[in-house]
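The values are calculated or read from the model by the stated rules, or taken from the named source; none is laboratory data. Remember, predicted model here, so these are calculated numbers, not experimental data. Here Cβ is always computed from backbone atoms with ideal geometry, including for glycine, and neighbour counts include all displayed protein chains. Note: areas computed on protein heavy atoms with side chains; ligands, DNA, RNA excluded. Shrake-Rupley method; radii C 1.70, N 1.55, O 1.52, S 1.80 Å.
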Amino acid sequence: MNRRLFQQTLGTLFLGLLLAQTQRVAAQPQPTPEVAIDQFLRSNAPLPGADAQAQQQYLSLRSWIGAYQATRQEGNHYLAMFEQGALPVFVELNASGQIKRYGAGCPRSQSLSLSQLPDNLRQVWSKCTTLNP
């Protein structure tokens, strides 16, 4: 086999393998927001893109509301269930299905009150009507 034909054949094989790999990666389903939220909260990873203050507030909230249990879809949003209550969660996923932005609504709890919130969260959640005063 001459050298030029060998190089073309090798190039064609390489291109074929690259396309097959690309198609296999593209065919893998991206996680749903519910799955991405669940994986994120189970991992105890830091908030994506959060500054130090937001990170501290997030850790305080996790400590206050208890251990993560599960996530369920509620209308167009998701509700993360914890030992002491629930937290409406909003996420934006990037192209690979990872959380790009994370936000939360007012915590919901029958047993926890606004007065029990850590100091660094009290002002943030002070307008929440889903908590006892």
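Selection of strands (runs of 3 or more DSSP E) fully inside segment 70-112 by the criterion of at least 2 residues being at pLDDT below 90, open to solvent by 60 Å² or more (accessible area, probe 1.4 Å) and among the basic types (Lys, Arg) returns 99-104. Looking only at residues that are at pLDDT 80 or above and in a loop (DSSP other than H, G, I, E, B) in segment 113-133, which one is most open to solvent (accessible area, probe 1.4 Å)? So, considering only residues that are at pLDDT 80 or above and in a loop (DSSP other than H, G, I, E, B), the one most open to solvent (accessible area, probe 1.4 Å) is Lys127. Whether a residue is open to solvent by 40 Å² or more (accessible area, probe 1.4 Å), closer than 19 Å to Asp119 by Cβ, over 11 Å from the mean Cα position of the chain (by Cα) and touching a residue at least 24 places away in the same chain (Cβ under 8 Å) was assessed, and Ser63 passes this test. Scan segment 37-58 and give yes if some residue there is of a type in the set (A, V, I, L, M, F, W, C), at pLDDT below 85 and either touching a Phe, Trp or Tyr at 6+ places or on another chain (Cβ under 6 Å) or assigned to a helix (DSSP H, G or I) (or both), otherwise no. Scanning segment 37-58, I find at least one residue that is of a type in the set (A, V, I, L, M, F, W, C), at pLDDT below 85 and either touching a Phe, Trp or Tyr at 6+ places or on another chain (Cβ under 6 Å) or assigned to a helix (DSSP H, G or I) (or both), so the answer is yes.
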